[in-house]
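Presented below is the structure to which this report refers.
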Amino acid sequence: MHHDFTIPTRGQGLYEFTRDVRAWVADSGLQDGLLTLFVRHTSCSLLVQENADPEVQSDLRAFFTRLVPPSSDPSMAYLRHTYEGPDDMPAHIKAAMMPVSLSIPVRRGAPVLGTWQGIFLFEHRDAPHQRRVAGHLV
């Protein structure tokens with residue numbers, strides 16, 4: 001069974017879509033199996049991360065911005081792919097460092113997640129986007 005999720009973003013940050021995934025899995029009728037999610041873009045990532053404290057999300061964003069600054073930062077002067085803006089190549093680097101797909105067990109009609117775990121799209125670009133995530137249940 002397949003489903004496409006559309007996640008609107010407003011710039012860099014983490015966007016939780018656990019509720020949408022839970023609803024789709026529940027509606028699928030599948031009791032036990034495997035959920036696979038795959039983001040169909042090269043400048044964002046997928047994460048299972050804490051969803052209780054929003055500071056976790058802002059700290060993650062700050063860490064990756066510090067680790068991979070915009071191409072306008074002097075430390076990134078070696079980058080060649082800069083014509084799409086100072087956030088573009090750093091976004092590709094971040095996406096190469098983080099997962100673009102997730103596999104999550106399904107048990108009793110629900111994704112098996114920990115108490116404080118949520119499913120997030122991690123947007124690495126500054127501009128708003130409509131990100132598509134392909135879901136597959138077996």
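A few comments on the model shown:
- Scope the stretch 74-119; condition β-branched (Val, Ile, Thr), over 13 Å from the mean Cα position of the chain (by Cα) and under 28 Å from TRP24 (Cβ atoms); matching residues: ILE104, VAL106, VAL112, THR115
- Among residues of the stretch 90-114 that are touching a residue at least 24 places away in the same chain (Cβ under 8 Å), those with a Cβ under 9 angstrom from a residue that is outside any loop (DSSP other than H, G, I, E, B) and of a type in the set (Asp, Glu), sequence gap 6+ or separate chain, pair up as ALA91/GLU123.
- Residues satisfying the stated conditions in the stretch 2-29, i.e. surrounded by 14 or more Cβ atoms within 10 Å (Cβ to Cβ), over 21 Å from PHE64 (Cα atoms) and either modelled with pLDDT under 95 or charged (D, E, K, R) (or both): ASP20, ARG22
- In the stretch 113-138, of all residues being surrounded by 13 or more Cβ atoms within 10 Å (Cβ to Cβ) and among the β-branched types (Val, Ile, Thr), the one that is farthest from CYS44 (Cα to Cα) corresponds to ILE119.
- Counted residues, the stretch 1-33 - those being closer than 26 Å to SER43 by Cα and either polar (S, T, N, Q) or free of Cβ contacts under 8 Å to residues at least 60 places away in the same chain (or both): 6
- The single condition from (1) within 30 Å of HIS2 (Cα to Cα); (2) in contact with a strand residue (DSSP E or B) (Cβ under 9 Å, 6 or more places away or on another chain); (3) free of Cβ contacts under 8 Å to residues at least 60 places away in the same chain that VAL48 fails is (3).
- Residues of the stretch 1-30 that turn out to be within 12 Å of GLY135 (Cβ to Cβ), more than 11 Å from the chain's Cα centre (by Cα) and either in a strand (DSSP E or B) or aromatic (Phe, Trp, Tyr) (or both), as a count: 6
Residues checked against (1) over 30 Å from PRO111 (Cα atoms); (2) of a type outside the set (Gly, Ala, Ser):
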| site | (1), (2) |
| --- | --- |
| GLY29 | no, no |
| GLN49 | no, yes |
| PRO54 | no, yes |
| GLN57 | no, yes |
| PRO90 | yes, yes |
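- Pair list, Cβ under 7 Å, 6 or more apart: the stretch 64-80 residue modelled with pLDDT of 95 or more, other residue of a type in the set (D, E, K, R): PHE64/LYS94; VAL68/LYS94; PRO70/ASP87
- Taking the stretch 31-138 and the strands (runs of 3 or more DSSP E) fully enclosed by it, the elements with 2 or more residues that are more than 15 Å from LEU14 (Cβ to Cβ) are at 33-39, 101-107, 129-137.
The values are calculated or read from the model by the stated rules, or taken from the named source; none is laboratory data. Treat the numbers as computed from the prediction; the structure is a model and nothing was measured. Virtual Cβ from ideal backbone geometry, glycine too; neighbours counted across all protein chains shown.
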